[in-house]
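Worksheet for the structure shown next.
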Amino acid sequence: MASAFVFRRAETAEELLFDRSLRTRWRLGLDRALGWLLPLLFLVAIVPILDLVYYIASHALPTLTWTVLTSTNPYDPDALGVPILSTAAIMALAIAVAVGLGLFGGVATAEFLPERSAGWVRTTANMLVGTPSVVLGYFGYFLLVITFGWGLSFLAGAVTLAFFMTPYIFRVVDLAYSSIPRPIREAAYGSGARPYQYVLRVAAPIAFPQILNGVFLALAIGVGETAPIVLTTTQSVIFPPTVFSPVTFLTGTIWENFSQPAGSPALALAFQAALLLMIVVVGLNILVRVISARYQKRLEGLYQ
Amino acid sequence: MPDPSAPVASADREPLPRPSPSGRSPRARRRRPYGSVVGRLVPYLPAAVPAALLVAIVLELVRSSQLTNFGWGFWGSRWDPPDAWGIATFVAGSFLTALPALFFAMAIGLGIAIASTSYLPAWITRWLDPFVDLLAGIPSIVYGIWGYLLVAPYFGTVINPFLYRHLSFLPGFGGLPPLSDGLGLPVGIFILTLMALPITTLLIRDALRSVPRDLWEAGLGLGATRWETVRRVAIPYGSRGILSAAFLGFGRAFGETVAMAMVLNVVASYPANAFGSTGTMAAEMFLSLDSAYNNSQWLAALSEMALVLLAISLAVNLIGRRLIAQIVTYDVPGL
């Protein structure tokens, strides 16, 4: 008796197609409402980004001049020339060390290790990515600054940053070599290539764009990192640094100046450094996406 | 003549040779593929770099701390630098900021992922999805300066008083009125939500996209609405991926350093209420290394805090990655 009220089956085709029951209207209404409401959640991502960019830019641009960007005069505290050049120098050394540490491991993992060992190695690389950056900063501080006696220096900062970027390079190289189509590998080995010939002559040209991509990505991640570099170097006003001299870094400049009083030139400098950092990071990210989209097309072409 | 292919267990037949564990015959197993033993071990050398770095990190932290402080006092809540080294307040602070942030990031990320996989047409998501990726690319110190100078005063003058006025009957929301500088848990949770959001969104999106097309179409074909298909088919199918998004998003929020050092008023005490402030492990480590450098006991306590932070982060990360076969998206920091 009661079930007749709960499940009233449609008797005719018309009733089935034009079902006006409360339950059906609720189901369709909920679906339609969610179709309007869920996309609104994108605003949670979009509004902060636009607000952040506008806020940083509106505080950085009024006092931003060419001299601010290029002056390396150590007696001019409100210029970014020294931080910019020092950041470029640190990143150059750090990426070189990171590629040196990560490239060969990535190739070896993708090409020469048995699947089980490769899985373990990938797990360690993933764990290193999951290590909080402040812990890496402590590692750099205790090992390089104190135990090795390098002091708070250019070298210590760059090598710590390199440790931070190594797993990213490692994983990208591994992925690039693993995603080369299997027939190409089989053709190379089948026609008598030695492993090194396959790695260098056959696979490298195919994997190169993705590896380059990974390098840009690692640069973007590394240049925005604060904790490892602030813990292992101190500020300096002189460029060029020597290997063991203190050195300044863009994120370090922001960290030093962010709590200065409103309207002061030092705070404006922090905003300018932040704006520059965002332009570099977002630019590198866009570059990565463009390369990656092109590479995907090329890789698909290889299958034909 | 018995059929040789039939399964026979008679006593007069010789037992079949057991297959070797590797699946090949014993003779094939003895044959080496190519090269010498040394030659086959060489690739392990560069491949061990990440493992070596991890081991070196742990050993260096153990060496610099000598594990002097581990004991009852270390897990206590009194942190008073020259005298007492109890890290409980910082552990609690890390969880109190990361867990609510994870909750919001999962809820919003689930909504965005559902919208972009099953409601919006492709030409719109092509323009909207990059904003979420962009959120991941912004350096944490830029979040920090924005949070400290713009968001925190806004929380302090508008949002916190509003919440205090209307929610003070709830446990944890009453008590001391919020301060007007706004530095504290709400703004910290807000910033951490933004930082964890890209990771949760991308992983949930990947999980929902991995649902086979047949299942979507079966759900819709049976007369379920899009929402019912997502709710009853796609989310159960991708539940492991969604769970891993929670773990990895938590790992990101838990280890965040600089932004928290800027928007929290880092103190070694439990927050008085939801609007109070506290310290996280990462922020405290970052801020007090300078003052600790010539006090070996202080350095030891901080190194041990680093070990605790590392252990929790790695455990969370490992669980999150074990839940899914492979992460599709590689171009996000911390993923």
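Here's a check for you: in region B:309-318, which residue that is more than 7 Å from chain A (Cβ to nearest Cβ) and touching a residue at least 24 places away in the same chain (Cβ under 8 Å) is most open to solvent (accessible area, probe 1.4 Å)? For region B:309-318, the residue satisfying everything is B:312.
Suppose the filter is in contact (Cβ under 8 Å) with a residue 24 or more places away in the chain and open to solvent by less than 60 Å² (accessible area, probe 1.4 Å); does residue A:35 pass it? In short, no.
Assess whether residue A:234 counts as being among the polar types (S, T, N, Q), open to solvent by 50 Å² or more (accessible area, probe 1.4 Å) and touching a residue at least 24 places away in the same chain (Cβ under 8 Å). For residue A:234, the condition - among the polar types (S, T, N, Q), open to solvent by 50 Å² or more (accessible area, probe 1.4 Å) and touching a residue at least 24 places away in the same chain (Cβ under 8 Å) - is met.
Taking region A:262-272 as the range and being surrounded by fewer than 24 Cβ atoms within 10 Å (Cβ to Cβ) and within 11 Å of another protein chain (Cβ to nearest Cβ) as the test, the residues that pass are A:262, A:267. Say we look at region B:106-137 and pick out the residues that are within 7 Å of chain A (Cβ to nearest Cβ) and open to solvent by 10 Å² or more (accessible area, probe 1.4 Å); which of these is modelled with the highest pLDDT? Among those that are within 7 Å of chain A (Cβ to nearest Cβ) and open to solvent by 10 Å² or more (accessible area, probe 1.4 Å), it is B:108. Scanning region A:248-265 for residues that are over 28 Å from the mean Cα position of the chain (by Cα) and part of a loop (DSSP other than H, G, I, E, B) returns A:260, A:261, A:262, A:263, A:264. Evaluation of residue A:47 against the conditions (1) at pLDDT 90 or above; (2) closer than 29 Å to residue A:160 by Cβ; (3) β-branched (Val, Ile, Thr) shows that the sole unmet condition is (2).
Scan B:272, B:268, B:218 and give me the residue that is open to solvent by 30 Å² or more (accessible area, probe 1.4 Å), touching a residue at least 12 places away in the same chain (Cβ under 8 Å), in contact with a strand residue (DSSP E or B) (Cβ under 7 Å, 6 or more places away or on another chain) and away from every other protein chain (no Cβ under 11 Å). Answer to the check: B:268. Is it the case, given these coordinates, that residue B:239 is without any contact (Cβ under 8 Å) to a residue 60 or more places away in the chain, over 16 Å from residue A:227 (Cβ atoms) and of a type in the set (S, T, N, Q)? Criteria met by residue B:239.
Of everything listed in (1) more than 9 Å from chain A (Cβ to nearest Cβ); (2) within 17 Å of the chain's Cα centre (by Cα), the single unmet condition for residue B:306 is (1). Condition first: open to solvent by 20 Å² or more (accessible area, probe 1.4 Å) and facing chain A (nearest Cβ under 10 Å). Can you find one or more residues in region B:65-85 that meet it? There is no residue in region B:65-85 that is open to solvent by 20 Å² or more (accessible area, probe 1.4 Å) and facing chain A (nearest Cβ under 10 Å).
Selection over region A:46-72 of residues that are exposed (fewer than 12 other Cβ atoms within 10 Å of the Cβ) and over 22 Å from residue B:131 (Cβ atoms) gives a count of 3. Any residue at all in region A:235-247 that's within 14 Å of chain B (Cβ to nearest Cβ) and assigned to a helix (DSSP H, G or I)? Checked against the condition, which is being within 14 Å of chain B (Cβ to nearest Cβ) and assigned to a helix (DSSP H, G or I), region A:235-247 yields no hits at all. Filtered by the rule that a residue be of a type outside the set (A, V, I, L, M, F, W, C) and not in a helix (DSSP H, G or I), region B:269-307 gives B:269, B:270, B:271, B:273, B:276, B:277, B:278, B:279, B:280, B:293, B:294, B:295.
Matching residues to (1) out of contact with any Gly (no Cβ under 8 Å at 6 or more places or on another chain); (2) touching a residue at least 24 places away in the same chain (Cβ under 8 Å); (3) within 30 Å of residue B:283 (Cα to Cα):
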residue: A:140; (1), (2), (3): no, yes, yes
residue: A:148; (1), (2), (3): yes, no, yes
residue: A:160; (1), (2), (3): no, yes, yes
residue: A:163; (1), (2), (3): no, yes, yes
residue: A:185; (1), (2), (3): yes, no, no
residue: A:192; (1), (2), (3): yes, no, no
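The values are calculated or read from the model by the stated rules, or taken from the named source; none is laboratory data. Everything numeric here is computed off the predicted structure, so don't read it as measured data. Glycine gets a Cβ as well: all are built from the backbone with ideal geometry, and neighbour counts include every protein chain shown. With ligands, DNA and RNA removed, areas are computed over all heavy atoms of the protein, side chains included. Shrake-Rupley method; radii C 1.70, N 1.55, O 1.52, S 1.80 Å.
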